[in-house]
Amino acid sequence: MKNGRASLEALLFIHGEPLSYKKIQSVLGIEKEELKVVIKELEVDLENDGRGLQLVSDREKIQLATKPEFNTILESFMKEEISEDLSPASLEALSIIAYLGPISRARLEYLRGVNSIVILRSLMIRGLVERFPDPEHPASFLYRGTFDLMKHLGIKEKEGLPDYEKFQELLKVFDPPTATTTTNEGAPSVEPGNVQ
């Protein structure tokens, strides 16, 4: 396929988590043998000293990851990130998760209009957001606020958020429920802090 290597890199980047070969084949519209060639081309390209990423894969899934030699820089960056106040982008994502959670990453990114994987990781590291397997789509995750978030906000339950009921009524009018806007009642019980 034309631009197969670039298409695979873009797909893995936007997904941010391990992606199955079958899903990649479906999205890119290619056969398994062609996918193997494209993966090998991308691996070779990423091995270049000028690249900071590498491919991590097994027989079923593949993911973009940072090269080990950059761990010190990235660890320092993450420590600095979680010691600072939340950025406007983080607050935006946290607000959406607090009011709409459980919510899929795809839906969060649709609402925000940008890739949110780094912000989600930061919020999970801070203990404000947790994820759990989506009962409707076992290969995906849903995100919701933690008990620590509620403690920080001084509320006993999600319904204690400012104008929560008003917001939910507006949501019903403008955004009918879908499979990705599962309610808390449909979500499995997860202890706060048990994040994968």
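The values are calculated or read from the model by the stated rules, or taken from the named source; none is laboratory data. What you see is a predicted model, and the numbers here were worked out from it, not measured in a lab. Note: ideal-geometry Cβ built from the backbone for every residue, glycine included; neighbour counts use all protein chains shown.
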Checklist outcome for this item: From the option list TYR99, TYR110, TYR143, single residue qualifying as in contact with a helix residue (DSSP H, G or I) (Cβ under 8 Å, 6 or more places away or on another chain), assigned to a helix (DSSP H, G or I) and of a type in the set (Ser, Thr, Tyr) is TYR99
Item to check | Complete set of residues in the range 99-132 that are under 27 Å from LEU170 (Cβ atoms), among the polar types (S, T, N, Q) and free of Cβ contacts under 8 Å to residues at least 60 places away in the same chain | outcome: SER116
Checklist entry - What pairs can you find where one residue is in the range 1-22 and touching a residue at least 24 places away in the same chain (Cβ under 8 Å), the other is of a type in the set (Lys, Arg), and their Cβ atoms are less than 8 Å apart, with a gap of 6+ or different chains? => result GLY16/ARG105; PRO18/LYS61; LEU19/LYS61; SER20/LYS61; TYR21/LYS32; TYR21/LYS61
Checklist entry - Here are some residues: PRO162, PRO135. Which one is touching a residue at least 40 places away in the same chain (Cβ under 8 Å) and part of a loop (DSSP other than H, G, I, E, B)? => result PRO135
Checklist entry - Are any of the residues in the range 28-44 touching a residue at least 24 places away in the same chain (Cβ under 8 Å), part of a loop (DSSP other than H, G, I, E, B) and surrounded by 14 or more Cβ atoms within 10 Å (Cβ to Cβ)? => result yes
Checklist outcome for this item: When GLN25 is run through (1) surrounded by 15 or more Cβ atoms within 10 Å (Cβ to Cβ); (2) in contact with a Lys or Arg (Cβ under 7 Å, 6 or more places away or on another chain), the failure sits at (1)
Checklist entry - Does the range 58-75 contain any residue that is crowded, with 17+ Cβ neighbours inside 10 Å, within 21 Å of the chain's Cα centre (by Cα), under 20 Å from MET124 (Cα atoms) and among the acidic types (Asp, Glu)? => result no
Next on the checklist: Being over 14 Å from the mean Cα position of the chain (by Cα) and charged (D, E, K, R) is the filter here; which residues of the range 80-130 pass it?
Outcome noted: GLU80, GLU81, GLU84, ASP85, GLU92, ARG126
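Taking the options GLU17, GLU81, GLU60, name whichever one is modelled with pLDDT under 90 and in the same structural domain as LEU153 (by TED's automatic domain parsing). Give the derivation first.
Details: GLU17 fails: in the same structural domain as LEU153 (by TED's automatic domain parsing); GLU60 fails: in the same structural domain as LEU153 (by TED's automatic domain parsing).
Of the residues listed, the single one that is modelled with pLDDT under 90 and in the same structural domain as LEU153 (by TED's automatic domain parsing) is GLU81.
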